[in-house]
Each structure stands twice: as structure tokens, then as C-alpha cells.
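Shown next, in C-alpha cells, is the structure this report addresses.
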Amino acid sequence: MRIILDFGKYKGKTITEVDDDGYLQFLAKPIYTGKYYKSIHSTELNWKVPFNVKIAARKELEFRKYILVGTRWERNA
């Protein structure tokens, strides 16, 4: 399934087109510090990464040779 981001600085791009691994790690983060992600640049206060985007970001990171260690992503050598 091809996921097109409809939010953020990569709005309109597919997950595979995003070349910022840090952003993909944010999208695929297994645990957030709070219940919701709160953007200071948004008027929407209760927002979280959609589940399908999170799963697609995880698959892309795994394709790029990252592994999930605890709650963070690390490059697999």
C-alpha cells in the first residue's frame, strides 16, 4: 500500500520519498512522551500519527536496515 503523507513538512510525499530518517523514526516511534503529539505550530491540540502511517514508516525503516531496540531505532550494521 502506498501511503501519502497529508501533514507535516513532507506533505504530499510518499513514505518512501522521505529521505529524512529522523522524521521516519518520529513517525514510527513506538512510545510517545504523552498521550498525544502536540504541535506548537498547529491549532489542533489532540493529534497523533495515524496508525497506517506509523506502520508504513516502520516498514520503510526496516527496509533501510534499521532495527527497533527498546523504544528507539538504530542502524543495523
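Where residues in the stretch 8-37 are surrounded by 14 or more Cβ atoms within 10 Å (Cβ to Cβ) and not in a helix (DSSP H, G or I), which of them is modelled with the lowest pLDDT?
TYR37
VAL49 versus (1) modelled with pLDDT under 90; (2) exposed (fewer than 15 other Cβ atoms within 10 Å of the Cβ): which is the lone unmet condition?
(2) is the only condition that VAL49 fails.
The values are calculated or read from the model by the stated rules, or taken from the named source; none is laboratory data. Computed from a predicted model, the values in this text were never measured in an experiment. FYI the Cβ positions are ideal-geometry reconstructions off the backbone, even for glycines, and counts take in every protein chain you see.
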